[in-house]
Amino acid sequence: MTSNMINIQCNNIQQADICVGLQHGDEGKGKVAYNLTAKNNYDLCVRFNGGPNAGHSIFHNGIKIVLHQIPCGIIHNIPCVIGPGCVVDLKKLRDEIYTLKDLNIDIENLLFISKNTHIIFKEHIKEDLEKDKIGSTGSGIMPAYRDKYQKKGVRYGSLTNKQIYEYFEGVNIKCVDIHDIIKNKSNIFFEGAQGFELDIDWGDYPYVTSSSV
């Protein structure tokens, strides 16, 4: 039943391009993603893993932009989703949102967050800084993923529209079911973070990140 449902909801997809790093990150994925989303007619861009520790640095019209959580496609007015495989720091996301709004990007109509995406809280960051001794960036990512799998995390879909609007200071970032937004798209770009050697399953364990790269 589940398999049939996913097949039905994704049957319009004609092309899905995936950008991943094959080393330990810092391979220039941001520049690749930026150029691919500029040159191809994608109708959706999805960030599928990781948190705010991995930044994609790009130059747009001579301006340097660092995107930690928002997919690069938004620069080219492509609808973008932060997917359920990610964990999100809402404070850092707010800063990214206002950086893009200053560039006249229509955030409210282009940026979506999956209802299943988990939230990083200040307690996660505090714990990360104090306890994680294996190359942590102190972004709260490992504790947030741990809470996700211990089934005690908080997901974006648990927030009310009022909370979202107030948190982002008047910007309403829509909460979506990722299957609903994908099912009518035919050409999708999937943007990854970090690199394959940092994958929780296939990387240089235990010196890895906490998500599937």
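Here the extension length gained between E123 and R94 equals 8.6 nm, from 0.36 nm per residue of separation less the Cα-Cα distance. Ranking N40, S211, H179 by Cα position along the charge dipole of the chain, where only Lys, Arg, Asp and Glu carry charges on their C-beta atoms, puts H179 farthest toward the positive end.
With every protein chain left in place, what is the accessible area per residue of the stretch 29-127 in square angstrom, probe 1.4 Å? Could you put the intermediate results ahead of the total?
Values: 4040 Å² over 99 residues.
Each residue of the stretch 29-127 exposes 41 Å² on average to a 1.4 Å probe.
Under a Cβ-only charge scheme (Lys and Arg +1, Asp and Glu -1), can you give me the dipole magnitude of the chain about the Cα centre, in debye to the nearest 20?
Values: 23 positive and 25 negative charges, 79 e Å.
Rounded to the nearest 20 debye, it is 380 debye.
Modelled spin-label separation between Q163 and Q14, with each label point placed 7 Å from Cα along the Cα-to-Cβ direction: 4.1 nm.
Relative contact order for the stretch 110-166 using alpha-carbon pairs under 8 Å, separation at least 6, rounded to a whole percent? List each step's numbers first, then the result.
On the way: 63 pairs, mean separation 23.2, N = 57.
Relative contact order here is 41 percent.
Give me the percent of the accessible area of the chain that comes from carbon and sulfur atoms, probe 1.4 Å, all protein chains in place. Its accessible area is 50 percent carbon and sulfur atoms.
Estimated at the nearest 10 Å², the accessible area of I200 is 60 Å² with a 1.4 Å probe.
The values are calculated or read from the model by the stated rules, or taken from the named source; none is laboratory data. Here the structure is a predicted model, which is why all the values come from computation and not from measurement. When we count neighbours, we look across all protein chains shown, and the Cβ atoms used for this are built from the backbone with ideal geometry, even at glycine. Please note that ligands, DNA and RNA were not included when accessible areas were found on the heavy atoms of the full protein model with its side chains. Shrake-Rupley method; radii C 1.70, N 1.55, O 1.52, S 1.80 Å.
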